[in-house]
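Each remark here refers to the structure printed beneath this line.
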Amino acid sequence: MKRIELTCIAPLYSGHNTLLKARLNNGQNHEVLEVRDSVAFVVYNQEDDTLVFVSQFRSAVAVVCNSDDVVRNPEPGYIHEVPAGHLKDGLTVEQTVVEELWEELRIKVTEDMVKVITGDCPLYLSPGAMTERMHLAVVVIRNENIHEPERSVFGLEEEGESTERVIVPRASLPFLEIHDMKTYALAQYILRTISQAMLTNKPWPAAFFGEKSKGGTNAPSS
């Protein structure tokens, strides 16, 4: 049996993303959704021991909720998730995080506060159907980084964004019902680093997320 290879690509539909037809050397055709690479990031506020999530309408979630009433979400079409955004031309991963955090949550950070935990190897979200690869990152903040605390909904109107700031106590993270893969992965990363901190008796989050976190609390007790 010969090794499968791609022979040609043809566009089928172009909108917000592009649907492609990939023809293989075994005669099969596969549909592939071409999507720009992205970054997802968990925001930890070391001053009050909380995580900052977002809640926003997701069309695919609404479709699933409409067809399967077993799926439970805070509202039909809405899920709580970590903030994320597609990489923009000319911007690094860190610069994208800085821009997205301000637009989506009115949280002001600098590039050196962003720790990309996937390094130079972003992860495919669905390699059988999508081209999108995602970087994962952690941002450690203090209360002073959060602007307009009286507001809860943000986003760019011209891009149709409406994002709600959701504060999640870190202690509730192990019991949270999570419907989103990137959020699950980053939640597990946070829980793992907390466990490592307790086992090694190192200060958390400073020892795991860099000097920018210096002065934070010690590893949380179980």
| message | Given the criterion closer than 27 Å to G77 by Cα, touching a helix residue (DSSP H, G or I) at 6+ places or on another chain (Cβ under 6 Å) and modelled with pLDDT of 90 or more, identify the matching residue among L173, L125. | response | L173
| Number of positions in region 31-44 that are over 26 Å from I107 (Cα atoms) and surrounded by 13 or more Cβ atoms within 10 Å (Cβ to Cβ) | 4
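The values are calculated or read from the model by the stated rules, or taken from the named source; none is laboratory data. This structure is a prediction, so every number in the text was calculated from the model and none was measured. Because the Cβ atoms are built from the backbone with ideal geometry, glycine has one as well, and the counts that use them run over all protein chains shown.
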